[in-house]
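Q: Let me begin by handing over the structure; questions about it come next.
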Amino acid sequence: MKTSKHPETVKYNFDTCPSRKGTESVKWDLYPGTLPLWVADMDFEVAPEIRAALQKRLDHGVFGYELLPDNYFLVMNRWFSKRHGWKGISRKNIVPTTGVIAAYSAAIKAMTVPGDKVIVMTPCYNAFFPAIRNNKCIQASCPLHYENGLYTIDWDLLEKLAGESRVLLLCNPHNPVGRVWTREELLRMAEICLRNNVFVVSDEIHCELTYPGHDYTPWATLPEEYVLNSVTCFSPTKPFNLAGIQIANIYAASPEVLAKMDRAINDNECCDVNVFGATALQAAYGEGGPWIDELREYLWHNARTVYCFLEDELPLVSAPPLEGTYLMWLDCRAYDISSEALGEHLRLNHGLVLSTGTIYGEAGEGFMRLNIACPRSTLLEGLSRLRDGLASFAARGAK
Ligand SMILES: Cc1ncc(COP(=O)(O)O)c(C=O)c1O
């Protein structure tokens, strides 16, 4: 990936985007009048190639039940094998569904019985928690180590929890701390899980958005014995900004596991996908490469903008290196402020909405999550509000 912007190669515009205010957008309309840098969708228009495909489908004018064409699987296979070295995706090993939450929730259902423990590495994506509860399982938190600005896995605790748990619900790359797990880390997790008969459910929704020096390793590219002990839940919706269209897939290399996933997705009645989701997926994986490449570059520059701003204007706030995702994890603990109080203060007094660190687990106390998938000018406005908000909070001496 290039790390500097060459105007002659820039084709897509991420500096401006349509207003989403008053469009029933969760991000923009839940707290009207604020600058929302919280929920994980992007403010950018989708790739023109996706829009054209959706327009063509819309123009047909009939939207009855549809089969998934061979092309749906072919474009996924081509994309993942060319970009990520993950070969062999086909109709035979995929269960399509309506979203990644539906996918991992069905996977938990398929692989557990009520009362089983599911390991999560906290702080982690907040919708992992209800999926565990809703399947009548017990959350086994394995908090990540945070030292010298870096998040790593607590291997001893993982080993211990694996001895008493049934599933590891993994986020690869990890929302919210921005780690892109290395092959070595994944192999170590895989070995611990297989040895302890812990099944791995890998949520790879953030896999396309990684930054220089950090390549995404699909779980499905690990040695076969580990892949057979897993499913991968993935979707183009996060990187291509299609979250409202809702489409996702579960990959299982083992036919027995695939049959269990199919059963669970049917039990949960989420086996029929939206016609626009199928169209968007084919356009995204089929034609969306150049757009994604430019987006990654733009986001990488946004991340650099945040680091420079913190250094110059908010030296008491730090952020671990963003290896992947468009979600930055701001360490505000030097202010001795609870995340919840800070979140409320920023929203009510400075019109800025960030995600409160504690929704990702207790390990998120003192942190805030910042969504950088917006035009740079919007991001800078958000950072100014954060600076002013922290200054006014500190001045109040409140906690
Ligand atoms: C790790 C992770 N998984 C799943 C989702 C949601 O997926 P979907 O909208 O396809 O259910 C998100 C959304 O932010 C996420 O960050």
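For every residue, the table says whether it meets (1) more than 16 Å from the ligand (Cβ to nearest atom); (2) under 18 Å from residue 219 (Cα atoms); (3) not basic (Lys, Arg).
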site: 82; (1), (2), (3): yes, yes, no
site: 93; (1), (2), (3): yes, yes, yes
site: 103; (1), (2), (3): no, yes, yes
site: 107; (1), (2), (3): no, yes, yes
site: 116; (1), (2), (3): yes, no, yes
site: 119; (1), (2), (3): no, yes, yes
site: 128; (1), (2), (3): no, no, yes
site: 131; (1), (2), (3): no, no, yes
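Q: Being on the phi > 0 side of the Ramachandran plot and among the acidic types (Asp, Glu) is true for just one of 312, 336. Which residue is that?
A: Details: 312 fails: on the phi > 0 side of the Ramachandran plot.
Of 312, 336, the one residue that is on the phi > 0 side of the Ramachandran plot and among the acidic types (Asp, Glu) is 336.
Q: Any residue in segment 364-375 that is closer than 21 Å to residue 143 by Cβ and part of a loop (DSSP other than H, G, I, E, B)?
A: There is at least one residue in segment 364-375 that is closer than 21 Å to residue 143 by Cβ and part of a loop (DSSP other than H, G, I, E, B).
Q: When only residues in segment 86-123 that are in a loop (DSSP other than H, G, I, E, B) and in contact with a helix residue (DSSP H, G or I) (Cβ under 6 Å, 6 or more places away or on another chain) count, which is farthest from residue 161 (Cα to Cα)? Show your work before the answer.
A: Our first condition is that a residue be in a loop (DSSP other than H, G, I, E, B); within segment 86-123, this holds for 86-90, 98-99, 112-116, 121-123.
The next check asks that each one be in contact with a helix residue (DSSP H, G or I) (Cβ under 6 Å, 6 or more places away or on another chain); those that pass are 86-87, 89-90, 122-123.
On the way: 86: 29, 87: 32, 89: 32, 90: 34, 122: 13, 123: 16 Å.
Within segment 86-123, the match that is farthest from residue 161 (Cα to Cα) is 90.
Q: Inside segment 146-166, can you point out the residues that are surrounded by 14 or more Cβ atoms within 10 Å (Cβ to Cβ) and part of a strand (DSSP E or B)?
A: 146, 151
Q: Please work out which residue is surrounded by the fewest Cβ atoms within 10 Å (Cβ to Cβ), limiting yourself to segment 109-137 and to residues that are within 18 Å of the chain's Cα centre (by Cα) and within 19 Å of residue 260 (Cβ to Cβ).
A: 132
Q: Give the residues of segment 58-77 that are in a helix (DSSP H, G or I) and among the aliphatic types (A, V, I, L, M), sorted by residue number.
A: Initial filter on segment 58-77 (in a helix (DSSP H, G or I)): 58-60, 70-77.
Within segment 58-77, 58, 74, 75, 76 meet the criteria.
Q: Sticking with this one: Please enumerate the residues belonging to segment 244-280 that are in contact (Cβ under 8 Å) with a residue 40 or more places away in the chain and among the hydroxyl-bearing types (Ser, Thr, Tyr).
A: Within segment 244-280, 251, 279 qualify.
Q: List every residue pair whose Cβ atoms lie under 9 Å apart, where the two residues are 6 or more positions apart in sequence or sit on different chains, the first residue falls within segment 281-298 and is over 12 Å from residue 13 (Cα atoms), and the second residue, located anywhere, is of a type in the set (Asp, Glu) and surrounded by fewer than 23 Cβ atoms within 10 Å (Cβ to Cβ).
A: 283/49; 284/49; 286/49; 287/49; 288/49; 290/49
Q: Between residues in segment 85-111 that are in the same structural domain as residue 277 (by TED's automatic domain parsing) and polar (S, T, N, Q) and residues that are assigned to a loop (DSSP other than H, G, I, E, B) and away from the ligand (no atom under 16 Å from the Cβ), which pairs lie under 8 Å by C-beta distance while being six or more apart or on different chains?
A: Every condition considered, the pairs that remain are 93/252; 93/253.
Q: What's the number of the only condition in (1) in contact (Cβ under 8 Å) with a residue 24 or more places away in the chain; (2) out of contact with any strand residue (DSSP E or B) (no Cβ under 7 Å at 6 or more places or on another chain) that residue 348 fails to meet?
A: (1)
Q: Within the set of pairs 6+ apart or on separate chains, which have a first residue in segment 317-329 that is touching a residue at least 24 places away in the same chain (Cβ under 8 Å) and at positive phi, a second that is more than 13 Å from the ligand (Cβ to nearest atom) and not hydrophobic (A, V, I, L, M, F, W, C), and C-beta atoms under 9 Å apart?
A: Sorted first by the residue in segment 317-329, then by its partner, the pairs are 325/210.
The values are calculated or read from the model by the stated rules, or taken from the named source; none is laboratory data. If you're wondering where the values come from, they're calculated on a predicted model, not measured in any experiment. Using ideal geometry, Cβ is built from the backbone for each residue, glycine included, and neighbour counts are taken over all protein chains shown.
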